[in-house]
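The values are calculated or read from the model by the stated rules, or taken from the named source; none is laboratory data. As the structure is a computational prediction, the values presented were derived from the model and not from experiment. For neighbour counting, all protein chains shown are included, and Cβ atoms are generated from backbone atoms with ideal geometry for every residue, glycine included.
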Amino acid sequence: MDVQKIGIGVFLLLLHSYAMFGQSENIQTYSYPPIQSFSDQEYDSYIQNWDIAQDTSGLIYIANVGEVLEYDGVRWQAIQVENKRALSITKGSNTTIYVAGIGSLGYLENPPADTSIALKYHSLAPNIPDSSPKLSNIWNTFSLDKAVYFRQREALFRLKNDSINIYQPENLIRRSFKVRDEIILSDIGEGLYTVEDSSLEFVPNSSQFIDRDVNAILPYGDDRWLVADRTEGLSVFDGTHLIPLKSPVDDFLVSNKVYTGLQLPDDTYLFGTLNGGIVQVDRAGQLLRTIDSQSGLHSDQVHSLFLDQANNVWAALGNGLSVIEPMNPISYLDERSGLPGTVIDVAVLSDDLYAATNEGFFRLNIKQEKGSGSPNTQFEPLFDQSIRCNSITQYGDKLLVNCDNKLYQISKGKAVKLFESSSVQYVHGYQYNEKYYLVLGRSRFQVFDASHKPVFSDEEFGYEISSLVEEENGDVWIGTIQSGVFRIDGTLFDSLKNFENHLHHYEVPHDQDNRSLRVFNISGEAIIGSSAGLFRHDTAGDSLVRDQRFGEEMADPERQVFLMEEDPKGNIWVRSDLEHQVLLNKKEGYRFVEGALKRIDANQVNRIYAHESGLVWMATGEGIIQYAPSKDPYLQGNPPEPFKTHVRGVFVRGDSLINADLKNKGYELEYEDNELRFQYAAAQYKAPSETRYQVWLEGFEEGWSNWTSEVQKDYTNIPEGNYTFHVRARDVYGTLSKADTFSFRVFPPWYRTWWAYALYLLFIGGVLYSIHRIRINRILREQRIRNRIASDLHDEVSATLSSITYFAQAIRQVPEQEQADRFVGLISESAGEAKEKITDIIWSIDPEKDDWVDLLSKCRRFASDLLESKGINYELDIDTDINRSLDLELRQHLWLIFKEMVVNAARHSEATHVDIRFGMEEGALTLIVADNGVGMKDSKVHKDGHGVKNIRHRAQKIGAEIELQSNASLGTRWEMTLDL
């Protein structure tokens, strides 16, 4: 006998003791992993899919029969390819996605402009030498080192350094495989070849494969291959011998036409078939699970399997796509496993897992014996009829379960009815004294012995029971709904008398939290869970006090604690705040971890059962959730690498695409384009509906937004400036992704540009300069007026004073008194004139008199005083309410014109009546002085006299119009009109 064959046989025999998922030896449950499926309606393309790849950023690419599909975790995009057929796809070493199909091969590249979300297909067909075989259906595409291989039946094409080499075996190529660092071809008539740089090298001893329809070759150990074919099923090739594995799945693989295979990181294998879906086996070939259309796979026709960066398995199917999580620590035992209804309690006895449900009592064998073949995949009902079963308890080497007020004993997979009671609510095998077990109902508390006879009964203990535990000292704690908790002294079971003396009632010190209390056994001590946290029994005060021993998180008085279960290693499995956690038992204390437990979304969890194998089972409203802690990287302290979140598109006004996740070069936007929509997605495919996003527009917002499921964000009326949009995601486990950013600049509107501000400065400077010039000119004009006034003062007053001096000297020289008196009169008259001129000049330069009220009031006083002194009747109509500007020069000229006109009427006209009107008429300033005197007798002399010239001269200075009417019969009438 061949020594090598014996060695391999022994090796394979030892593999049968492989402990799945790190559990106790041979413990195996035929559970179902999480599966997510996509139909052709969801991805909006053809139903057939052939191959799958993933780029370095995490995006998924599907070789659909009609095109390539790109999936970012939120949206699907179609990429058109040559001949509209895609059959195989892979990621090259340079991160480029290569795709091939019917008569085509090429790669996907970024479009020239980033205004299209979809990548563009670039054909490599022009690079193929003219002498090569005609392109046909390219079924396999692989990447190895810096080369890409495309396989059709007639030839293998290798792309390296932009050139294509062709490899042609003697016969047609049945299939090709990538195993470790080798490309393997299956020649129909020769066997297997490996691809070397310049030739095909025959694999020694591979002629054994000629008659095998090999469809999968996978790594097996360090140097062996695991082979799946449609002739024998599974075999191991060690380089010399092709040895059948004699797996329980052989017939399945042959009859259902195995088509593809995949090795998982946990050293188990998946094989896809064309008729029966997928099987998972261990290294010994033992069946671990079948994943087909009955268990959630979208189709039983499997074309390829692909392992993504997060250990999800993508299945390209004859109808749709499915994403399977075979490495997930969470799996399911439910209706697919023959377990219907709501599971209320679970327990393990010997080799069997038992489940009490509202539709019966079920059993599943979980002990996989060596070489026993296929595992038990379905729960077995222990009752023919559908009945409601509640609590399960272990009593010695048996189980007790109550179903429809009947108590059954379970032993060796058989159920035996013990008795029937009017209300069996809870059963507990009393461990402190194993000859007893307790039966609680809504109206009684009973103790039974090993012969199943009642030895004690209290008919007044009637409460709705929520839970029951036994402490290490034999005390029994009972949790109730709305009635607090009860403690029964273990000493009761010594005498079974005086029940009331052994019964103690407690309520938690919180007003609203005695509605539903549950008791748990942690390290032999009762712990009370409530909607206000944890409590324990204080023996000194015989009362319930808050329990702070389980870490900061569990000490929160707002935490609602529903379930706690301690495993053999001292870890505590918890359901609180409608989620699941574990308190890992460490030397320094408990470590609070959620990890993959956050994935459990069951609304109703009735029981947590921690098995000695390490598996944890949760009884829920939809079956049993199985949790394998050894497969949870969070519990092992090895959380997965953060995934990536992408800004997938930036749109102006929700319509015009300006960026499509291709590059971020710092965009510059006009102000009218300041309304942006950002679309984003996380390349994360575990429960993507539970992914949450945060965004932050730096420069516009102060920090990150609240977490939301929204996959787009709109911003309107963004001011000019520089901005960076940030987005990140959080998956169902609480892992934060790497953030993505998009930077851009919004230009200001034209009226806030630098050149607009320059114009504004120039304009404002011009205005200020004009105002300054006007002010300077006004000051200079006023100065000129004052200089002129000073000159007038000098000329007029000096002349008058000189006259006075002359008259004074004349008085001394004339001897006659009469002549002296005349000069004295002249002196008096000249002094009066001088005083009057000085008064006028002082008034005209006084800045406090620069308003109409002062001017017109002065005019009124002057006219009335002068005319009354002359005994002339008069009428004055002077309006002092004039809302117009009045500067120094205008005031002086108006005053002197008014004064000259009135003086002429009072002193020279010989009038008996004078009318004066001064004010605004029809928007113009009007001054009329009319008398009934003798008129101007000599028009040439008087009309052109010194006074008349002064009036006309001053009117011309201020732009006023002057009209003079005078005759002997009508008197004299002055009218001045000035447009202000």
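Odds and ends about this structure:
- Checked against (1) over 28 Å from V416 (Cα atoms); (2) touching a residue at least 40 places away in the same chain (Cβ under 8 Å); (3) not in a loop (DSSP other than H, G, I, E, B), N473 passes all but condition (3).
- Against the test of being of a type in the set (F, W, Y), in contact (Cβ under 8 Å) with a residue 24 or more places away in the chain and not in a strand (DSSP E or B), the options F550, F592, F562 yield a single qualifying residue, F550.
- P129 surrounded by fewer than 16 Cβ atoms within 10 Å (Cβ to Cβ), at pLDDT below 95 and touching an Asp or Glu at 6+ places or on another chain (Cβ under 6 Å): no
- If you go through segment 476-494 and pick out every residue that is assigned to a strand (DSSP E or B) and surrounded by 18 or more Cβ atoms within 10 Å (Cβ to Cβ), you end up with 9.
- If the condition is being farther than 21 Å from K178 by Cβ and either at pLDDT 95 or above or of a type in the set (D, E) (or both), then segment 294-307 contributes L297, H298, S299, D300, Q301.
- Sub-8 Å Cβ pairs linking a first residue in segment 900-911 that is on the phi < 0 side of the Ramachandran plot and assigned by TED's automatic domain parsing to the domain that holds G971 to a second residue that is in a helix (DSSP H, G or I) and among the β-branched types (V, I, T), at least 6 apart or interchain, are E900/I951; M901/I951, ordered by first then second residue.
- Test: F520 is at pLDDT 90 or above and either closer than 24 Å to Y609 by Cα or out of contact with any Phe, Trp or Tyr (no Cβ under 9 Å at 6 or more places or on another chain) (or both): yes
- Odd one out for L657 among (1) surrounded by 21 or more Cβ atoms within 10 Å (Cβ to Cβ); (2) part of a strand (DSSP E or B): (1)
- Residues considered: V574, V582. Of these, the only one that is aliphatic (A, V, I, L, M), touching a His at 6+ places or on another chain (Cβ under 9 Å), closer than 26 Å to T691 by Cα and part of a strand (DSSP E or B) is V574.
The rows are residues; the columns are (1) under 30 Å from M327 (Cα atoms); (2) part of a strand (DSSP E or B); (3) at pLDDT 90 or above.
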residue: Q679; (1), (2), (3): no, yes, yes
residue: Q684; (1), (2), (3): yes, no, yes
residue: Y693; (1), (2), (3): yes, yes, yes
residue: H726; (1), (2), (3): no, yes, yes
residue: L762; (1), (2), (3): no, no, yes
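- Scanning segment 931-954 for residues that are at pLDDT 85 or above, out of contact with any Leu (no Cβ under 9 Å at 6 or more places or on another chain) and crowded, with 16+ Cβ neighbours inside 10 Å returns D931, G933, V934.
- Flag for T377 being over 29 Å from L635 (Cα atoms), in contact (Cβ under 8 Å) with a residue 24 or more places away in the chain and of a type in the set (V, I, T): no
Residues are listed down the side, and each one gets a yes or a no for (1) in contact (Cβ under 8 Å) with a residue 40 or more places away in the chain; (2) outside any helix (DSSP H, G or I):
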position	(1), (2)
G734	yes, yes
G765	no, no
L768	no, no
R773	no, no
R781	yes, no
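- The listed residue being buried (at least 18 other Cβ atoms within 10 Å of the Cβ), acidic (D, E) and over 46 Å from the mean Cα position of the chain (by Cα), out of D211, D187: D187
- Selection within segment 223-241 - touching a helix residue (DSSP H, G or I) at 6+ places or on another chain (Cβ under 8 Å) and either surrounded by fewer than 20 Cβ atoms within 10 Å (Cβ to Cβ) or not in a strand (DSSP E or B) (or both): R230, T231, E232, D238, T240, H241
- Residue count for segment 538-559, restricted to those that are crowded, with 18+ Cβ neighbours inside 10 Å and either among the aliphatic types (A, V, I, L, M) or touching a Lys or Arg at 6+ places or on another chain (Cβ under 7 Å) (or both): 3
- Members of segment 514-525 that are surrounded by fewer than 24 Cβ atoms within 10 Å (Cβ to Cβ), out of contact with any Leu (no Cβ under 8 Å at 6 or more places or on another chain) and among the hydrophobic types (A, V, I, L, M, F, W, C): I522
- Selection count where residues are farther than 21 Å from A596 by Cβ and buried (at least 20 other Cβ atoms within 10 Å of the Cβ), scope segment 291-319: 13
- Residue match in segment 707-724 (condition: of a type in the set (A, V, I, L, M), within 26 Å of P642 (Cα to Cα) and surrounded by 12 or more Cβ atoms within 10 Å (Cβ to Cβ)): yes
- Where A602 falls short, out of the listed (1) at pLDDT 90 or above; (2) small (G, A, S); (3) under 29 Å from the mean Cα position of the chain (by Cα): (1)
- Search result, residues across segment 619-654 that are of a type in the set (A, V, I, L, M, F, W, C), buried (at least 21 other Cβ atoms within 10 Å of the Cβ) and part of a strand (DSSP E or B): A619, I624, I625, V647, V650
- Subset of segment 422-438 that is under 18 Å from N358 (Cα atoms) and crowded, with 16+ Cβ neighbours inside 10 Å - its residue that is modelled with the highest pLDDT: V427
- E698 touching a Ser or Thr at 6+ places or on another chain (Cβ under 7 Å) and closer than 26 Å to P749 by Cβ: yes
- Residue match in segment 108-119 (condition: crowded, with 20+ Cβ neighbours inside 10 Å, part of a strand (DSSP E or B) and not assigned by TED's automatic domain parsing to the domain that holds D731): yes
- Among the residues of segment 246-282, those that are in contact with a helix residue (DSSP H, G or I) (Cβ under 7 Å, 6 or more places away or on another chain) and assigned to a loop (DSSP other than H, G, I, E, B) comprise G276, D282.
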